1. Among all residue pairs at least 6 apart or on different chains, which show Cβ distances below 9 Å where the first residue, located in the stretch 129-146, is modelled with pLDDT of 95 or more and of a type in the set (G, A, S) and the second is open to solvent by 40 Å² or more (accessible area, probe 1.4 Å) and part of a strand (DSSP E or B)?
2. Would you confirm whether any residue within the stretch 211-221 is open to solvent by 20 Å² or more (accessible area, probe 1.4 Å) and closer than 29 Å to W7 by Cβ?
3. Could you run through the stretch 236-252 and say how many residues are in contact (Cβ under 8 Å) with a residue 24 or more places away in the chain and over 14 Å from T186 (Cβ atoms)?
4. Among the helices (runs of 4 or more DSSP H) lying completely within the stretch 191-284, list those that include at least 3 residues that are under 30 Å from T54 (Cα atoms).
5. Just to be sure I understand the filter: pairs with C-beta atoms under 6 Å, separated by 6 or more residues or on different chains, first member in the stretch 1-28 and more than 29 Å from V70 (Cα to Cα), second member open to solvent by 80 Å² or more (accessible area, probe 1.4 Å) and modelled with pLDDT under 90. Which pairs pass?
6. Is it true that some residue in the stretch 151-159 is in contact with an Asp or Glu (Cβ under 8 Å, 6 or more places away or on another chain), crowded, with 19+ Cβ neighbours inside 10 Å and either in a helix (DSSP H, G or I) or outside the structural domain of I231 (by the TED database) (or both)?
7. Tell me, which residue of the stretch 241-255 that is open to solvent by 70 Å² or more (accessible area, probe 1.4 Å) and charged (D, E, K, R) is farthest from M298 (Cα to Cα)?
8. Determine whether the stretch 23-33 contains at least one residue that is in the same structural domain as P84 (by the TED database), at pLDDT 90 or above and of a type in the set (D, E).
Amino acid sequence: TYKTTNWHSYNQALKQRGSLTVWFDPSMQWEAVPSGRRGRQQSYSDAAIQICLTLKALLGLPLRQTTGFVASVLKLSGLDWSVPDFSTLSRRQKTLDVVVPYRGSKGPLHLLVDSTGIKVEGEGEWHTRKHGGSRRRVWRKIHLGIDEETLEIRAVEVTSSNVGDAPMLPDLLAQIPVEEEIASVTADGAYDTRACHDAIAARDAAAIIPPRRNARPWKPDTAGARARNEILRASKHLGRALWRNWSGYHRRSRVETKMNCVKQLGQRLMSRDFDRQVAEVQIRAAVLNRFTALGIPMTVAAG
């Protein structure tokens, strides 16, 4: 049992998440800087496009309504900036390099990894249960890595639904700067593969991954295999339940909670093109990190 110790500040943070205050810095680079290449130059910076798409994702607006909302906000702010039209937003979303802000933890990073599915096309769950699903039910899989201390999303990947969890772990780790120390990587048994353990060992991090039920020792020819054999030996000696408590594996539930937060911004993706879907998920991650920066609950063991 845990007790929250900062209810007052956390309550204020939750209230601020619903604030409609939008700040535009007049000194920001709204118009694009000339690239120096031949051909037509871009009219708007990546920051301007990301701001528009962020408001779109946050409020669940179609593209045309997004342009109208941004135009009204700029007018109320006293800024005479032009607004990208809906076709510009759609075209730039496909190649947008989304910036996902984060504060970072004070010490080494403890990364929690998991994945979930999100719908793109098809009927809702009630309609499917009542009448059966059509063949056009399309899903995407979101792979997340979050910071255990700050609960910020530090790595995100989007794949088709037929891609497994384990193959994406090296790509998630590659999004963490090489100079940043990773203390541990916590994931479920689906990540109990050689590639995952080798990728974690390559970052000098500890793997907290429960072995599969029928797990056998691996040939100790790599650092990842030797570390995994130690996990297998400890889980058999202590028992799986005790090993989970001893290793802190229960912390992985925090990334499952973050998955639910991602879907609070919409149970399905609005974009139909895969590259635009990737940008949409990355923008959701940026929005959630902004929310998290306002405040998170601080808990201690009760009693």
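1. Matching pairs, first to second residue: G145/E157.
2. No, the conditions are met nowhere in the stretch 211-221.
3. 1
4. 253-264
5. That search, which allows pairs on different chains as well, returns T5/M298; N6/M298.
6. Within the stretch 151-159 (the criterion being in contact with an Asp or Glu (Cβ under 8 Å, 6 or more places away or on another chain), crowded, with 19+ Cβ neighbours inside 10 Å and either in a helix (DSSP H, G or I) or outside the structural domain of I231 (by the TED database) (or both)), the answer is no, since none of the residues qualifies.
7. Result: R244.
8. No - not one qualifying residue is present in the stretch 23-33.
The values are calculated or read from the model by the stated rules, or taken from the named source; none is laboratory data. Just so it is clear, the structure is predicted and the values come from calculations on it, not from any experiment. Heads up, the Cβs are rebuilt from the backbone with ideal geometry, glycines too, and the neighbour counts pull from every protein chain shown. SASA here: full protein model, heavy atoms, side chains in, ligands and nucleic acids out. Shrake-Rupley method; radii C 1.70, N 1.55, O 1.52, S 1.80 Å.
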